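The values are calculated or read from the model by the stated rules, or taken from the named source; none is laboratory data. Nothing here was measured: the structure is a model prediction, and the numbers come from that model. Every residue, glycine as well, gets a Cβ built from its backbone with ideal geometry; the counts of neighbours run over all protein chains shown.
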Amino acid sequence: MIAEALSYPFFQRALIAGLLAAVACGIVGTFVVVRGIASISGGLAHAAFGGVGLGYLAGFDPILGALGFGLASAVGVGVAEQRLKQGIDTLVAMVWAVGMAVGIVLIALAPGPEPDLMGYLFGNILFVPVRFLILIACMDLLIGFLVIFLFRRLEAVAFDEEFATVIGMRVGTLSLLLLALVALTVVILIRVVGVILVLALLTMPAAIARHWTDALAPMMVVAAGVGAACITVGLFFSWMLASMFSADLPTGPAVILLTAIVYAISAALRHLLSARRPATREALQD
């Protein structure tokens, strides 16, 4: 069954896309979870919808418009938070609503048939073109290079922003860079797996990793591994159901539910181990 699935080029592309997406989400998602900015990911994803609408209206690739809107929204939110001292949740809600509104208006004004908006929300990893595999691979290389080159600084900003400020780091610039990386990851991957799955991959694998380590680098590795495993199992599970029972199970939701189950198991195990340690110490002391 596995060999049969891997014999199809579209399944091979889907698997490669999922593994590449897991790497990007594992790295960037770790910063998202550590800094507690998961809401920003959703806000930037929906703000980028304005760029999608602009692309359809002006006749260029919507992903380019989404990338421009996403990066502009990330920088705008970061600058507004630093300069205006406005609450980040309020800013995220504003760009979320405005981006969606702009996108819907522009799509309504665009000539031709209305595009499939459900594909934007949920994506379809089984129909990933080769050019997007190259795009995701380039994104992984860029993210990996920046994180390796700036690791100590990004680590300081992620865990203790006040300490980073005291020792003279350019916290504002580094924070904007993190937001830009989140926007880049979200916008490029929504074409492949959709908004919903991107948000799940940015948060849940990193949250699972944080159950077992507080160190940033191991957290990234575990998060990427968990994401890759859940995507792989979700793909093959959807394929098996379609082949054996003719059941059309969407891959994206299957991966999300599987990741949520893994998160619940990890949280339960972590709780049990934490509860057992004090009891063991008390027994040793007695």
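Across segment 162-174, which residue is surrounded by the most Cβ atoms within 10 Å (Cβ to Cβ) among those that are modelled with pLDDT under 80 and out of contact with any Leu (no Cβ under 9 Å at 6 or more places or on another chain)?
Our first condition is that a residue be modelled with pLDDT under 80; within segment 162-174, this holds for 162-168.
Next, only the ones that are out of contact with any Leu (no Cβ under 9 Å at 6 or more places or on another chain) stay: 162-163, 165-168.
Values: GLU162: 7, PHE163: 12, THR165: 14, VAL166: 10, ILE167: 10, GLY168: 7.
The residue in question is THR165.
Checking ILE148 against (1) of a type in the set (Val, Ile, Thr); (2) more than 30 Å from SER7 (Cα to Cα); (3) modelled with pLDDT of 90 or more; (4) crowded, with 19+ Cβ neighbours inside 10 Å, which single condition isn't satisfied?
(4)
Residues in segment 175-186: is at least one closer than 17 Å to LEU19 by Cβ, under 17 Å from the mean Cα position of the chain (by Cα) and crowded, with 16+ Cβ neighbours inside 10 Å?
yes
Among GLY55, GLY76, which is the only one that is assigned to a helix (DSSP H, G or I) and either among the acidic types (Asp, Glu) or more than 20 Å from VAL171 (Cβ to Cβ) (or both)? Break it down into steps so the answer makes sense when it comes.
Working: GLY76 fails: either among the acidic types (Asp, Glu) or more than 20 Å from VAL171 (Cβ to Cβ) (or both).
None of the others qualify; the one that does is GLY55.
Which residue is surrounded by the fewest Cβ atoms within 10 Å (Cβ to Cβ), if the candidates are limited to segment 208-233 and must be touching a residue at least 60 places away in the same chain (Cβ under 8 Å) and within 17 Å of PHE10 (Cα to Cα)?
Top of the filtered list is THR232.
Show the residue pairs meeting these rules: Cβ distance below 7 Å; 6+ apart or different chains; first residue within segment 262-286 and over 17 Å from PRO205 (Cα atoms) and modelled with pLDDT of 65 or more; second residue part of a helix (DSSP H, G or I) and of a type in the set (S, T, N, Q).
Sorted first by the residue in segment 262-286, then by its partner, the list stays empty.
Among the residues of segment 1-52, write down those that are modelled with pLDDT of 90 or more and hydroxyl-bearing (Ser, Thr, Tyr).
If the condition is that a residue be modelled with pLDDT of 90 or more and hydroxyl-bearing (Ser, Thr, Tyr), then THR30 is the only one that fits.
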